[in-house]
Each structure stands twice: as structure tokens, then as C-alpha cells.
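Student: Please see the structure below; I have some questions.
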Amino acid sequence: MNKRILITGGAGFIGSHLADELLNEGYQVRVLDNLSEQVHGKDRKKPSYLNPKVELLVGDVRDKEAVEKALDGVHAVFHLAAMVGVGQSMYQIRDYTAVNNLGTATLLEALINHPVEKLVVASSMSIYGEGLYKDSNGNLEMECERELSDLKEDRWEMYKHGEELTPIATPEDKKPNLASVYALSKYDQERLSLITGKAYNIPTTALRFFNVYGTRQALSNPYTGVLAIFASRLLNDNAPMIFEDGLQKRDFIHVKDVARACRLAMEKSEANGEVLNIGSGNQYTITHIADKLAGVMGKDISPEITGKYRIGDIRHCFANTDKTKKILGFEPQMKFEDGLFELAEWLKGQIAIDNVGKASNELSSRGLTV
Ligand code: NAD
Ligand code: UD1
């Protein structure tokens, strides 16, 4: 009998690819997902991309009974269910704390009575706040934060004593600096899981995903990742709207690589009790990805640089992947150009409702963009 694996949030973007990866490797997959409206639309239908071999249980991760039922006969758990928008988390504080923090607590309490061979929890690069920087003498700067007064004057980079700092790859031992409600909730998920896993002998691994991209990302969710938002704008012949000056850098990793890293984290006992960065190690500016995406989609539309700052946003962060390479033997395989091409092919068959204007108003009316 093949092992049965539970993925919470498994009907979403990353979870559905992880389901494919596990099924391909001979596991059985069960998903617990509440098919939330923001991700799955008003009808909250089972997504057509979800592998037909998945056993889907529609339920909420905060619902003790639903979680206990989902754990029945399960060997390992991936905890991916979460609300994922950094900007939105700054005003839907109650919902984010309920789903992300209480949801994780509910799962962990249930695991005490249904111990599993492995728990893998989706954490995030956002817990670092700013990535690691160095000054001109090579001194590392771990605790950088930008001043609102600088940002209001379009001074977007990181400064210390008037000197501009240089961003460098961020390793797992960089001290967390929680800059948004979302980041705080991801750190909470990570720590709660590791603490409880240790206490109850449930081998646990926390994976800090960097910016994940690929097919199946919720295009009509204006609070999703930047590439999906830009795709939705471009599909509707609107210009992507870029915060700051567009030169902020992120580390984009393809969702199929993330799915493979997740499986390896479950299978490798060396990962037990560890926190691992899941990134590509590459760094791209947001303007670069807007231009590249328009190019592969065949749209002659330049992005609009708004010069606005989204409260809670960080300037630069990209992964140091040494520890992950060593422990998981994992290296990403998808080249960014190939991943974008695949995304563009998928986008041809997609309809996206562009809700970005509405989301921008939500943020600005609350003073969350300046
Ligand atoms: P997603 O929104 O596509 O998927 C999340 C899934 O969780 C959705 O199917 C949603 O319906 C479900 N869900 C939400 N609330 C739920 C609840 N209360 N009960 C049950 N299910 C619920 O997001 P994703 O990008 O696939 O993210 C998956 C995980 O990875 C999240 O934990 C997220 O924080 C983390 N993560 C994502 C990224 C990224 O770049 N996409 C980066 C870092 C971390
Ligand atoms: C993202 C994920 C977060 C995840 C983290 C891990 C989302 C919503 N956020 O956060 O869940 O934990 O990666 O790496 O998926 N931007 C624009 N215009 C837009 C949208 C965004 O310029 O319309 C800019 C932002 O200001 C930011 C950058 O793009 O500088 C990336 O934004 P976003 O995709 O929201 O990602 P993160 O904040 O990095």
C-alpha cells in the first residue's frame, strides 16, 4: 500500500503542483482545502487543474473535526493552507491571524493524537524582512529597515550612516525581521510547527519559499504574487503597475522546482528539525520581470512605474541556497526564460478579471501605499 500524504491548501497554486509531484512518485494524495473565494472564485468549484487522482476534502484548516478526519490514515503532512497577500494582511489582520496562526495551531493539536512520520510546513522568505546587506568594508548588516521619510523622497535603497548598502544572498541564520502581519504569521507557523514537532517526536521541516511562479497561480486574486498580477494586467491590455522605482530585486523559483524540493524535504531525514531556503539564488528586478513577461506574452505594453511604496514591502531579498543544496541535494532545474515561456503558453487559455485597481484603492484608502 502506497503511503498517503495530506496537503492542506493542496487545491492552490503550489499545493496542486506538489500533488502532481507526489502522485508521479507513487504516493497517494489527500487534500484539505476550503476552496477560498479569493483564490477559487465565487463558485468555489474544484479547480480543473487538480489531478483527478487527488482525494479532495473541502474543509477549513481551522475546523478541528475536518482536520481530524483529513488526518485519518495519513503518513505525512504538508501544511500549505494560508492567506498569502502581504498588502492585504495589513488590514485583514483578523482573517490572516485566524487562518495562518490558528489554522496551524488546530492542525498541530490534531497531530498530537494522529502522529505522522513527517510534517513539512510552508514558511516564507518574507520572515527575513530585508535580506542580508553589506557595507563598503564588507561588514554584514542584518537588521536593516528603510525609513518612511526616505521612501517619501523616493530614496528607495538601503542606507546606513548615509552610505548605500549592497544586498547579498540571505542565509537561513539571518535574524528574522517581521515587517508585515503576513510575515509574522508565517514565522508563527514555522516556529509552532518546529516546537510542537520536537515535543511530540514528529519530524518537522520548515521550508522558506522565495517568490514562486508558474502555471495555476490565481490570476484574478489581486493580492497574489507579482508575476500573476502582471499577467492579469497584460491579459486585459493594462500596464503592470510597479511600486517604488521597479529596481527592487526578488528571487523567482519555478513551482515545479518547489514541488520537488517539498518532496525531498519529506523524504530526507537529514532535513528533520531544519529550516531551509527554497529559492533559485537568482535575482531579478521587478521591472525586468514585467518587461520579460510582456515580451513572452507578445504584448507591447510598458509597465507604469508608480513611485509609490506599499507598506510592509522590503527592498531586496534573494536566497543563499548552500544549506538546502547540502541537506536536500536540491538544485532548481527550470531556467527563468523557460519557466516564463511555459507560463505564457498557459496564459493563452486563461481569462483573468483584473481586480488590481480595486485592490490599489483598498490599500491607498487605508494609507497603506505612500
Ligand atoms: P494559494 O492561495 O494558491 O493556495 C493556498 C490554498 O489554501 C488555496 O487553495 C486556498 O483555498 C487554501 N486555503 C486558504 N485558507 C484556507 C483555510 N482556512 N482552510 C483550508 N484551506 C485554505 O497560495 P500558494 O502560493 O500556493 O501558497 C501556498 C503556501 O506557500 C502558503 O502557505 C504560502 O504562505 C506559502 N508561500 C507561497 C509563496 C509564493 O510565492 N506563492 C512564497 C512563500 C510562501
Ligand atoms: C511574496 C508572496 C508571499 C511570499 C513571499 C516569499 C504573494 C502575494 N506574496 O511576497 O506570499 O511569502 O513572496 O517570497 O504571493 N509589486 C509591484 N506591483 C504589483 C505587485 C507587486 O510592483 O502589482 C512589487 C512589490 O512591491 C514587491 C515585489 O513586486 O516589491 C514583489 O511583490 P509580491 O509578489 O507581492 O511578493 P513579496 O512581497 O515578495
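The values are calculated or read from the model by the stated rules, or taken from the named source; none is laboratory data. All values derive from a computational prediction rather than experimental measurement. Virtual Cβ from ideal backbone geometry, glycine too; neighbours counted across all protein chains shown.
Student: Looking only at the stretch 327-346, filter to residues that are among the aliphatic types (A, V, I, L, M) and under 20 Å from the mean Cα position of the chain (by Cα); which one of those is surrounded by the fewest Cβ atoms within 10 Å (Cβ to Cβ)?
Tutor: Out of the qualifying residues, it is M334.
Student: Further, regarding this structure: Kindly check whether there is at least one residue in the stretch 272-295 that is within 16 Å of ligand 1 (Cβ to nearest atom), touching an Asp or Glu at 6+ places or on another chain (Cβ under 7 Å) and β-branched (V, I, T).
Tutor: Within the stretch 272-295, one or more residues are within 16 Å of ligand 1 (Cβ to nearest atom), touching an Asp or Glu at 6+ places or on another chain (Cβ under 7 Å) and β-branched (V, I, T).
Student: If you don't mind, there's one more thing I want to ask. Can you pull out the residues in the stretch 114-166 that are of a type in the set (D, E, K, R), loosely packed, with under 13 Cβ neighbours inside 10 Å and not in a strand (DSSP E or B)?
Tutor: Result: E143, E145, E147, K152, E153, D154.
Student: Please determine, by comparing only the residues of the stretch 262-291 that are assigned to a helix (DSSP H, G or I) and touching a helix residue (DSSP H, G or I) at 6+ places or on another chain (Cβ under 6 Å), which one is surrounded by the fewest Cβ atoms within 10 Å (Cβ to Cβ).
Tutor: That would be E270.
Student: What number goes with the only condition from (1) surrounded by fewer than 21 Cβ atoms within 10 Å (Cβ to Cβ); (2) modelled with pLDDT under 95; (3) within 14 Å of ligand 1 (Cβ to nearest atom) that L192 does not pass?
Tutor: (2)
Student: So in the stretch 65-91, with the set limited to residues that are more than 12 Å from ligand 1 (Cβ to nearest atom) and not in a loop (DSSP other than H, G, I, E, B), which one is surrounded by the fewest Cβ atoms within 10 Å (Cβ to Cβ)?
Tutor: Among those that are more than 12 Å from ligand 1 (Cβ to nearest atom) and not in a loop (DSSP other than H, G, I, E, B), it is E65.
Student: Here is a follow-up. Identify, by number, the condition in (1) more than 16 Å from ligand 1 (Cβ to nearest atom); (2) outside any loop (DSSP other than H, G, I, E, B); (3) within 26 Å of the chain's Cα centre (by Cα); (4) more than 26 Å from G225 (Cα to Cα) that L108 doesn't meet.
Tutor: Answer for L108: the failing condition is (1).
Student: Looking at this structure, is G298 under 21 Å from L227 (Cβ atoms) and either hydrophobic (A, V, I, L, M, F, W, C) or buried (at least 17 other Cβ atoms within 10 Å of the Cβ) (or both)?
Tutor: In short, no.
Student: Is it the case that some residue within the stretch 231-242 is within 12 Å of ligand 1 (Cβ to nearest atom), under 23 Å from W346 (Cα atoms) and not in a strand (DSSP E or B)?
Tutor: For the stretch 231-242, residues within 12 Å of ligand 1 (Cβ to nearest atom), under 23 Å from W346 (Cα atoms) and not in a strand (DSSP E or B): absent.
Student: Can you tell me which residue among S48, S89 is small (G, A, S) and either more than 20 Å from the chain's Cα centre (by Cα) or modelled with pLDDT of 95 or more (or both)?
Tutor: The match here is S48.
Student: Let me ask you something else. Can you pull out the residues in the stretch 263-314 that are near ligand 2 (Cβ under 10 Å from one of its atoms), within 20 Å of the chain's Cα centre (by Cα) and at pLDDT below 95?
Tutor: Across the stretch 263-314, the qualifying residues are R310, G312, D313, I314.
Student: Among what's in the stretch 213-255 and is out of contact with any helix residue (DSSP H, G or I) (no Cβ under 6 Å at 6 or more places or on another chain) and of a type in the set (G, A, S), pick the residue that is surrounded by the most Cβ atoms within 10 Å (Cβ to Cβ).
Tutor: Across the stretch 213-255, the extreme among qualifying residues is S232.
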